[in-house]
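Q: The structure is given below, and queries will be raised subsequently.
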Amino acid sequence: YEISLGLVGSEMCIRDRDLLIQKTDADRYIARNITIIRRVPINDDNIALILNVISDEMNNTSEKIAMKYEKLIKEKRFEKIEKAITFIPDNDFLKRKFLRLGLLRRFITASIPRHYTRFIKRSRIRKKIEEKANRKLDEILPETSSKIKKIVEIVKDWAYLSDKIAILTSFIITAKAIREQLKEIGVKVYLITGKTPNKGEILRNFKSEKTKSVLILTPVGERDIDLSEVNLLIVHDVISTVKTMYQRFKRGRRCLILILYYKDTFEERKVKILIDRVKKQYPWSIKIENTE
């Protein structure tokens, strides 16, 4: 079975792959281990405004980079410029600006307000945000994460249906914030990060827990972890690497995956592209729910 799926990706066409799977016991295995992926939009007008201003500024900066390095960058699409940025000298102001904006955008989608607000206040993008909103920045910046609020809502609803829930997030500071919010509603919470010394013991305790429980993991913490007992896996934020995200999805084996994203922002497009690519590369083991 492993050999047959190893051949599938690039060397065989879809029809040949399907025929090969039909000739093995993979059909039954796949049916038992199908993973369902559902997108969950987060409506937050203030976050959408901030992210869109940053995205516009990144697009403007990328156009200037393309003009300056036209011999290096043949295609003027944002994705191509983003990949070419590595080859641009580190002391180039445009490169530094582009990378700073990208990092700030990443913080907003993956972290919590008390972490990223200080970066926005110190950045040059502050004025553009205020001009776009016609309000002071302090009136726009959120005090709490609407993604974490959504996670709490989901866990409340699912705690009656599922014994085991896992949450994946990129930053330790976010993982800890989620833990504190879930503790407030009386949920048993376990946390594993790259700094967790007794990872195996915590995982065993989570799996043997008799009450409703949630396991929160960061990327380093989740390595080599099998979550076959989990019925629901919530993805707080995604990265663009298809293989890595697929591996994260499949830690839950046959479960429901909920991917959170800020609606009407670049993150919505990012999630859609990621899911489309995962579906194309690994169609035999996932099912994408149409939420549009």
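The values are calculated or read from the model by the stated rules, or taken from the named source; none is laboratory data. Since the model is a prediction, treat every value here as computed from it, not as a measurement. Every residue, glycine as well, gets a Cβ built from its backbone with ideal geometry; the counts of neighbours run over all protein chains shown. What goes into the accessible areas is simple: the full protein's heavy atoms, side chains included, and nothing from ligands, DNA or RNA. Shrake-Rupley method; radii C 1.70, N 1.55, O 1.52, S 1.80 Å.
Q: Under a 1.4 Å probe, what is the accessible area of the range 93-135 per residue, stated in Å²?
A: 58
Q: Separate question: Could you work out how far apart the two model spin labels at SER228 and ASN134 are, taking each label as a point 7 Å from the Cα in the direction of the beta carbon, and quote it in nm?
A: Distance between the two pseudo-spin positions: 5.9 nm.
Q: Roughly how big is the range 140-279's charge dipole about its Cα centre, with Cβ charges of +1 (Lys, Arg) and -1 (Asp, Glu), in debye to the nearest 20?
A: Dipole size: approximately 380 debye.
Q: Shifting gears a bit: What part of the accessible area of the range 172-292, given as a whole %, is carbon or sulfur when the probe is 1.4 angstrom?
A: The value for the range 172-292 is 46 percent carbon and sulfur by accessible area.
Q: While we're on this one: Looking at the square roots a ≥ b ≥ c of the eigenvalues of the Cα gyration tensor of the range 165-228, which shape do they give, rounded for a/c under 1.5, prolate if a/b is larger than b/c, or oblate? Kindly include the intermediate steps, with their values, before the conclusion.
A: Values: a/c = 1.77, a/b = 1.07, b/c = 1.65.
Because a/c hits 1.5 or more and a/b fails to exceed b/c, the range 165-228 counts as oblate.
Q: A further question follows. What is the set of long-range amide H partners of ILE286 at a cut-off below 5 Å, with H atoms built 1.01 Å from backbone N?
A: So ILE286 has HN proximity to THR35.
Q: Please sort by residue number the trypsin sites (Lys or Arg not before Pro) in the range 201-292 whose DSSP state is loop and whose Cβ has at most 10 other Cβ atoms within 10 Å.
A: Filter output for the range 201-292: LYS210.
Q: List, in order, the whole-Hz ³J(HN,Hα) value for each residue of the range 270-282 obtained from phi through the Karplus relation with A = 6.51, B = -1.76, C = 1.60 and θ = phi - 60°; use x for Gly and Pro.
A: Each residue of the range 270-282 in turn: 4, 5, 4, 4, 4, 5, 4, 6, 5, 4, 5, 7, 10 Hz.
Q: Follow-up. Mind running the shape call on the range 131-198? Use the C-alpha gyration tensor, a ≥ b ≥ c as the square roots of the eigenvalues: rounded below 1.5 for a/c, prolate if a/b tops b/c, oblate otherwise.
A: It comes out oblate by the Cα gyration axes.
Q: Right, here's the next one. Which whole-number percent gives the relative contact order of the range 167-292, counting Cα pairs below 8 Å spaced six or more residues apart?
A: Reported as a whole number, the value is 23 percent.
Q: Cα gyration tensor of the range 207-269, axes a ≥ b ≥ c as square roots of the eigenvalues: rounded (a/c below 1.5), prolate (a/b > b/c) or oblate?
A: prolate
Q: Hey, another quick one. Mind putting a number on the dipole of the range 40-144 about its Cα centre? Charges go on the C-beta only, +1 for Lys and Arg and -1 for Asp and Glu, and I need it in Debye to the nearest 20. Kindly include the intermediate steps, with their values, before the conclusion.
A: On the way: 25 positive and 16 negative charges, 96 e Å.
The dipole of the range 40-144 has a size of about 460 debye.
Q: Could I ask something else about it? What lysines does LYS74 reach when the alpha-carbon gap must be under 18 Å and sequence neighbours fewer than 8 apart in one chain are set aside?
A: In chain and number order, the partners are LYS64, LYS83, LYS95.
Q: With charges set only on the Cβ (+1 for Lys and Arg, -1 for Asp and Glu), what does the dipole of the range 202-292 come to about its Cα centre, in debye to the nearest 20?
A: Value, rounded to 20: 320 debye.
Q: Follow-up. Need the C-alpha centroid separation for the range 106-137 versus the range 192-229, integer Å.
A: Here the answer is 33 Å between Cα centres.
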